[in-house]
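The block underneath contains the structure these notes are about, expressed in C-alpha cells.
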Amino acid sequence: MGGWEEKMDKARKLHRPSLTDWERDNMHFRFPPFREEIRKLPNSTCFNPNAEPGSDQQQLPLILDAATLTREEFYNYEEESVPVVIKNIPAGHDGGEFVGAWPALEKWKLRSLLNDEVLIDRKFKCGEDDDGHNIKIRLSHFLSYAEFNKDDSPLYIFDSNFDGDKKADSILRDYRVPSYFKDDLFGLVSESRRPPYRWFLVGPERSGTCVHIDPLGTSAWNTLIEGQKRWVLFPPHIPKKVVKGETLIREDEDDEAVHYFMTILPRIKREARSLRSTPKYENFCCYEFTQHAGETVYIPHGWWHAVLNLTHTVAVTQNFCSPRRFEEVWLQARKGRKRMAWKWLCRLETEYPELYRRARAMNDADGFIMKYEALETEKEREERKRKEEKLQRKEQANWDSDHGSPSLKRDLPFEDQ
C-alpha cells in the first residue's frame, strides 16, 4: 500500500483510533439501494405522526428562486424562522437581479479540481485527532480516496483555513456571499477573534454531518456546487434526546450520518408513530428533502439538522449572525465567547446603537455581568491614570522651563548662577 492509500490510512487512524474496521457495516454495498429508494420519493416530505390522514401539511423548506426573491421578502422568512431552499444563486442571481455567475460553478466541479494546479497539492482539513488537532490531507490524495474508498462513513473535507493562505485565497474569490446573508454582525470583530464560520466542503458519498444545532445561536447557509445532499430538519421545540434517538442506539452500533439516516432516523419515526399520543412525541415532526447542485439551503437558528452526501459533493457553507436574529446569538455569545462578546459589544455601540442598547437591556434584565467588562474598565482606569500622570509631568516640565527649577540651579556651575 502506498500513495494516497497510505496517507488516508494514517488519517483514518488519527481521526478514529478506536475504530479498527472502517468497513464493518458493509455500507459501501448497502448504500446504493437506499439511495435509489430516496430518489423514488418526493423531493421533500413531512413526517407528522399526529396529523390526520389526508390532511394538508406544511411542506418545508420552502422553495424560492433568487431570480425573483428580493432581500426584503427573504427577511420575512428569516424573521419567522422558516427554512428555505433558494435556487440559482451560483448561477448569478441574487436579490431578484442577475449579478454574475460564481467562478465556482465551473472551478469546483470535481473534474476541474483534479486539474487545478493551485489547489490540487494544497492540504485540507478532513478531521481532528483526539487532542483536537487538525488532520490534513492533500486534495489529490483525498479525491483518489473519494473515488475508491469503501468506508462505511468516509472522511470529509471541512476546511475553514483560508486567511493568509495564498493557495486557498482562490477559493474566496470563486464565490460570493449572497446578499440575503451579508448582514453578518460577527463581521464587526476581527477574523482571529470570531469563531470559525465558513467552510469549503468536499464530501464522498456516504459522508455527512450528524444531527446538530449550529453554535452560538447562529443561522447557516449551504450552497451546493456538485452532487446531491439529503437533509433532515427538526423544529427547535423537539428535544435533543428525541432527535438524537438516544434510547434507540445499541451499544455496538455506530452513529455517523450514514447510520443516522439509514438506521436511527427510521427507528425514531417508527417509535414516534407508535407513541404519538405520549408527551414525548405529541408535537413531533420532521422534514426530509434532497438538495441539488445550484441550490442554497438556509437553516434558521435552533433548527436541528443532519446531512448525508448521496453522491460525491462540493459545497460552501457559512454561519452568520443577522441583525434580525440578534437576541438568540447575544444570549449564547456572551457566555460561550466572553472576550469576543465584550469586543463585539464595544463595536455594536458605535455601529449598531440600537442593538447595543438591546444587548445592555438583556444583560440588565437577568443581571448578567460580563467578565471582561470589569477587567476592561479597570484597564481603562489604569490607562487614564497613566495619561493624567504623564500630563502632570509634562505640565511641571513646562513650568520649570519657564520659571527655573531650584534643583536645576543647584547643579549649575557657580559662575552661571
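Restricting attention to region 215-239, which residues are open to solvent by 20 Å² or more (accessible area, probe 1.4 Å) and closer than 28 Å to Pro323 by Cβ?
Pro215, Leu216, Pro236, His237
Which residue pairs have Cβ atoms under 8 Å apart, sit 6 or more places apart or on different chains, and have a first residue in region 80-105 that is under 19 Å from Ala293 (Cβ atoms) and a second that is open to solvent by 10 Å² or more (accessible area, probe 1.4 Å) and polar (S, T, N, Q)?
Qualifying pairs under 8 Å: Asp94/Ser179.
How about region 191-214: which of its residues are in contact with a Ser or Thr (Cβ under 7 Å, 6 or more places away or on another chain) and either within 17 Å of Arg325 (Cα to Cα) or open to solvent by 30 Å² or more (accessible area, probe 1.4 Å) (or both)? Write out each step before concluding.
Here is the first cut: in region 191-214, the residues in contact with a Ser or Thr (Cβ under 7 Å, 6 or more places away or on another chain) are 196, 198-199, 201, 203, 205-207.
Pro196, Arg198, Trp199, Glu205 - these are the residues of region 191-214 that are in contact with a Ser or Thr (Cβ under 7 Å, 6 or more places away or on another chain) and either within 17 Å of Arg325 (Cα to Cα) or open to solvent by 30 Å² or more (accessible area, probe 1.4 Å) (or both).
Does region 248-300 hold any residues that are open to solvent by less than 20 Å² (accessible area, probe 1.4 Å), among the hydroxyl-bearing types (Ser, Thr, Tyr) and farther than 28 Å from Asn319 by Cβ, and which are they?
Correct list: Tyr281 only.
Consider Phe284 carefully, then state whether it is in a loop (DSSP other than H, G, I, E, B) and more than 20 Å from the chain's Cα centre (by Cα). Let's see the steps before the verdict.
On the way: in a loop (DSSP other than H, G, I, E, B): yes; more than 20 Å from the chain's Cα centre (by Cα): yes.
Answer is yes for this residue.
Residue by residue through region 288-345, note down the ones that are out of contact with any Pro (no Cβ under 8 Å at 6 or more places or on another chain), aromatic (Phe, Trp, Tyr) and more than 14 Å from Asn222 (Cα to Cα).
Within region 288-345, Phe326, Trp330, Trp342, Trp344 meet the criteria.
Might you check whether a residue that is exposed (fewer than 14 other Cβ atoms within 10 Å of the Cβ) and touching a strand residue (DSSP E or B) at 6+ places or on another chain (Cβ under 7 Å) occurs anywhere in region 61-72? Working first, answer last.
If we filter region 61-72 for residues that are exposed (fewer than 14 other Cβ atoms within 10 Å of the Cβ), which is where we start, we get 65, 68, 72.
Now restrict to residues that are touching a strand residue (DSSP E or B) at 6+ places or on another chain (Cβ under 7 Å): 65.
Yes, because at least one residue in region 61-72 is exposed (fewer than 14 other Cβ atoms within 10 Å of the Cβ) and touching a strand residue (DSSP E or B) at 6+ places or on another chain (Cβ under 7 Å).
Going through Val118, Val177, Val189 one at a time, which residue ends up being farther than 28 Å from Tyr352 by Cβ and out of contact with any Asp or Glu (no Cβ under 6 Å at 6 or more places or on another chain)?
Being farther than 28 Å from Tyr352 by Cβ and out of contact with any Asp or Glu (no Cβ under 6 Å at 6 or more places or on another chain) holds for just one of Val118, Val177, Val189, which is Val118.
Restricting the search to region 311-340, which residues are closer than 30 Å to Pro32 by Cα and surrounded by fewer than 21 Cβ atoms within 10 Å (Cβ to Cβ)?
Thr311, His312, Gln318
Return the residues of region 2-28 that are touching an Asp or Glu at 6+ places or on another chain (Cβ under 7 Å) and among the aliphatic types (A, V, I, L, M); say none if nothing qualifies.
Leu14, Met27
Quickly run through region 166-190 and pick out the residues that are out of contact with any strand residue (DSSP E or B) (no Cβ under 9 Å at 6 or more places or on another chain) and open to solvent by 40 Å² or more (accessible area, probe 1.4 Å). It would help to see each step written out before you state the result.
Just the residues of region 166-190 that are out of contact with any strand residue (DSSP E or B) (no Cβ under 9 Å at 6 or more places or on another chain), to begin with: 166-167, 169-170, 173, 188-190.
Answer for region 166-190, where residues must be out of contact with any strand residue (DSSP E or B) (no Cβ under 9 Å at 6 or more places or on another chain) and open to solvent by 40 Å² or more (accessible area, probe 1.4 Å): Lys166, Lys167, Asp169, Arg173, Ser190.
Condition first: in contact with a helix residue (DSSP H, G or I) (Cβ under 6 Å, 6 or more places away or on another chain) and either within 30 Å of His133 (Cα to Cα) or open to solvent by less than 70 Å² (accessible area, probe 1.4 Å) (or both). Can you find one or more residues in region 23-42 that meet it? Even if it seems obvious, please write down each step before you answer.
Keep residues of region 23-42 that are in contact with a helix residue (DSSP H, G or I) (Cβ under 6 Å, 6 or more places away or on another chain), which gives 27, 34.
Filter again for either within 30 Å of His133 (Cα to Cα) or open to solvent by less than 70 Å² (accessible area, probe 1.4 Å) (or both), leaving 27, 34.
Within region 23-42 (the criterion being in contact with a helix residue (DSSP H, G or I) (Cβ under 6 Å, 6 or more places away or on another chain) and either within 30 Å of His133 (Cα to Cα) or open to solvent by less than 70 Å² (accessible area, probe 1.4 Å) (or both)), the answer is yes, since at least one residue qualifies.
Within region 122-142, does at least one residue satisfy the condition of being of a type in the set (Ser, Thr, Tyr), touching a residue at least 60 places away in the same chain (Cβ under 8 Å) and touching a helix residue (DSSP H, G or I) at 6+ places or on another chain (Cβ under 6 Å)?
The answer is no; no qualifying residue exists.
May I ask you to list the residues in region 1-17 that are surrounded by fewer than 14 Cβ atoms within 10 Å (Cβ to Cβ), at pLDDT 95 or above and out of contact with any strand residue (DSSP E or B) (no Cβ under 9 Å at 6 or more places or on another chain)? Talk me through it step by step, then tell me what you get.
Within region 1-17, the subset surrounded by fewer than 14 Cβ atoms within 10 Å (Cβ to Cβ) is 1-3, 6, 9-10, 17.
Remaining after also requiring at pLDDT 95 or above: 6, 9-10, 17.
Matches in region 1-17: Glu6, Asp9, Pro17.
Can you pull out the residues in region 72-118 that are β-branched (Val, Ile, Thr) and either in contact with a helix residue (DSSP H, G or I) (Cβ under 9 Å, 6 or more places away or on another chain) or within 26 Å of Lys166 (Cα to Cα) (or both)?
Of the residues in region 72-118, the ones β-branched (Val, Ile, Thr) are 82, 84-86, 89, 99, 118.
The answer is Val82, Val84, Ile86, Ile89, Val99, Val118.
Which of the residues spanning region 341-392 are open to solvent by less than 70 Å² (accessible area, probe 1.4 Å), over 27 Å from the mean Cα position of the chain (by Cα), closer than 30 Å to Arg324 by Cβ and modelled with pLDDT under 95?
Gly367, Glu373, Glu376
The values are calculated or read from the model by the stated rules, or taken from the named source; none is laboratory data. Being a predicted model, the structure only gives us computed values, none of them experimental. Note that each Cβ is placed from the backbone with ideal geometry, even for glycine, and that neighbours are counted across all protein chains shown. Ligands, DNA and RNA are excluded from the accessible area calculation, which covers all protein heavy atoms including side chains. Shrake-Rupley method; radii C 1.70, N 1.55, O 1.52, S 1.80 Å.
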